[in-house]
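Everything below concerns the one structure shown next.
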Amino acid sequence: GAVYLMGRPLGQFARRQLAGSLGFLAQDQAADLPIRLSDWLLLSRYPHQGPWGRAQPQDSTRVEEVMAQTELTALADRWTSELSGGERQRMALAGLLVQAAPWMILDEPTNHLDVHHQMTLLPRLIAASSGAGGALVMSLHDVNLVEQFCSHCLVFIDGAEPLAGPVGQVLTAQSASLMYRH
């Protein structure tokens, strides 16, 4: 079929408009672009910049705020290729916060993150999305994180119909037994 955002097919959005509305995080972040972390984050402000993509003072201010919130300030001048897996994941999540798109699709956003960063970054992303009138959709394999941070879930179980609905109704002892085959 078709993919719609706010009642419109994605193909009807101008690229800059779509970039300002929809943020996406892949499971793994490539870091082979020779760029410093702070400059990479500034690129995430593209939808909000002028016609020639010039960064404005408010763009740099937003990058600095998000680096502080995501504990990346000390890494601002590091090359992205020098970052660890967890640092790259924090950089990618910070990029979403800098982008400020109300609708977000995240594939394993906690990949490579320690517990501290899982517990601080997921609430920030959820608040940013819901505060902007959007929604956050993410794939997670950690049922504890689903239970703690999600309102609804969709569970795929081999050989069975998917389960969907509010987390409290879907994540039961019976469904967990099916999911984990244990």
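Structural remarks
- Residue list for the range 119-152, restricted to those being in contact with a strand residue (DSSP E or B) (Cβ under 7 Å, 6 or more places away or on another chain) and farther than 19 Å from GLY95 by Cβ: VAL146, SER151, HIS152
- The residue of the range 99-109 that is most open to solvent (accessible area, probe 1.4 Å), among those that are within 18 Å of LEU41 (Cβ to Cβ) and assigned to a loop (DSSP other than H, G, I, E, B), is ALA100.
Residues are listed down the side, and each one gets a yes or a no for (1) in a helix (DSSP H, G or I); (2) more than 25 Å from MET138 (Cβ to Cβ); (3) touching a residue at least 40 places away in the same chain (Cβ under 8 Å); (4) touching an Asp or Glu at 6+ places or on another chain (Cβ under 7 Å):
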position: GLY11; (1), (2), (3), (4): yes, no, no, no
position: ALA19; (1), (2), (3), (4): yes, no, yes, no
position: GLY23; (1), (2), (3), (4): no, no, yes, no
position: LEU33; (1), (2), (3), (4): no, no, yes, no
position: TRP40; (1), (2), (3), (4): yes, no, yes, no
position: GLY50; (1), (2), (3), (4): no, yes, no, no
position: GLY53; (1), (2), (3), (4): no, yes, no, no
position: VAL63; (1), (2), (3), (4): yes, no, no, no
position: VAL66; (1), (2), (3), (4): yes, no, no, no
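- If you go through the range 110-161 and keep only what is in a loop (DSSP other than H, G, I, E, B), over 29 Å from LEU178 (Cα atoms) and open to solvent by 40 Å² or more (accessible area, probe 1.4 Å), you end up with ALA132, GLY133.
- Residue tally, condition out of contact with any helix residue (DSSP H, G or I) (no Cβ under 9 Å at 6 or more places or on another chain) and either within 17 Å of THR110 (Cβ to Cβ) or in a loop (DSSP other than H, G, I, E, B) (or both), over the range 68-88: 2
- Failed item in (1) in contact with a Leu (Cβ under 8 Å, 6 or more places away or on another chain); (2) farther than 19 Å from MET104 by Cα; (3) of a type in the set (Phe, Trp, Tyr), with PHE156 passing the rest: (1)
The values are calculated or read from the model by the stated rules, or taken from the named source; none is laboratory data. Please read all numbers here as calculations on a predicted model, not as lab measurements. Using ideal geometry, Cβ is built from the backbone for each residue, glycine included, and neighbour counts are taken over all protein chains shown. Ligands, DNA and RNA are excluded from the accessible area calculation, which covers all protein heavy atoms including side chains. Shrake-Rupley method; radii C 1.70, N 1.55, O 1.52, S 1.80 Å.
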